[in-house]
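Worksheet: the structure to be examined is printed underneath.
Coordinate-derived values only; no laboratory data. None of the values given here were measured: they were computed from a predicted structure. In this analysis, Cβ positions are derived from the backbone assuming ideal geometry, glycine residues included, and neighbour counts consider all displayed protein chains.
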Amino acid sequence: MTLARLVQLASIVAAAPVVAMCGGGSTASSVTSPTAAATTTTTPTASTLTGIYARFTNGVQVSLDGTTVVLRTTDVPDHMSPYFGAGNAGYEPPQAGMQVNPNRIASQNIVLRVPLSPTAASPSDTPLGPIGVATNGVVLFNQYAAGRVPLTNEIFSFDRFNGHPSPSNQYHYHVEPLWLTAKGKTVFIGVLLDGLPVYGPQDEDGSTPANLDGCNGHTHATSDFPQGTYHYHIVPAPPYIAGCFHGAPGTVAG
Ligand SMILES: [Zn+2]
Ligand SMILES: [Zn+2]
C-alpha cells in the first residue's frame, strides 16, 4: 500500500462513520509496482480521489489498484427503511401505499472496480444487478426488474427514499435516491461501472439538462471537473439513472 493510498483511506475513514467490514480482499499481495502506479497517476489520482471519490461515506472503502478505483461496500443504507425489518434500529413503518416486498436489507460484500480515467466506448447495455454505487454505498440498478421487464409493479415496493432489496437482500436504487437528492438536486450521486459520475436531476446552475443523450448523459465542465467530463443526470422517467454505459464498464463482484 502506498503512502498516498493510506492517506486517502485515512481521510475517507475520518470523514465517515465506519461500518464494520468483514472482508478479505485477495489482491493485497499482488506484484504491481506501487511506485509506478503512483507515478503514472499522480495528477488525476490526486484530483479525482480527493474530488468525487472523497465524497463516499457510510463505510465505503475507496482505494486505487493501478489505474482502477476499487470501491467496497456493505450496501447497507444510512437511512431508515421498512426493509430493515421490525425491531431493527433502522426500521420505520412503510409509508402509505407502499407494498413491502418479502426481502430484507442484509450486509453485503460488494466490490466494484471502475476505471480511474474513463475511456469513451460504444454505448453498451447496462446489466441487471449493480451498475454503479451511490455515495452512501447503496448500489444502483438499471431501469429493469428481473427478466428485463419495466419496473411498473416494483415501484410500489420502493421505500420513501426509493430503494428496496432484491431477493438476495441487496438493497438498491433504480430511480432518484431521494435521501441523497434531499441535499440538493445537483448533488453528486455516485459513479457507474464505467467510472463516469452521476449527478442529480439538475445542473449546477439549477437548470434541467435538455440535451441528454440516450445514456442520460452529456459533457460539460463542472466544479468537480473544470476540464469537462461526460456525466449522467437522473431523470424522472425510464431509464432514470442511465440508459446505457457511455464508457467501457469495469466489473462488479459480490
Ligand atoms: Zn429492484
Ligand atoms: Zn450536466
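Laid out as a table, the results:
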quantity	calculated
Span from the the stretch 206-221 Cα centroid across to the the stretch 135-152 one, whole angstrom	21 Å
Nitroxide proxy distance, nm - points 7 Å out along Cα→Cβ at residue 152 and residue 106	3.1 nm
Alpha-carbon radius of gyration plus Dmax, which is the widest Cα pair, for the stretch 114-254 in Å	14.1, 42
Difference of contour (0.36 nm per residue) and Cα-Cα distance, residue 251 to residue 86	56.0 nm
Burial order of peptide ranges 82-90, 101-109 (average beta-carbon count within 10 Å, highest first)	101-109, 82-90
Global geometry of the stretch 174-254, whether rounded, prolate or oblate, following the gyration tensor of its Cα atoms and the 1.5 cut on a/c	rounded
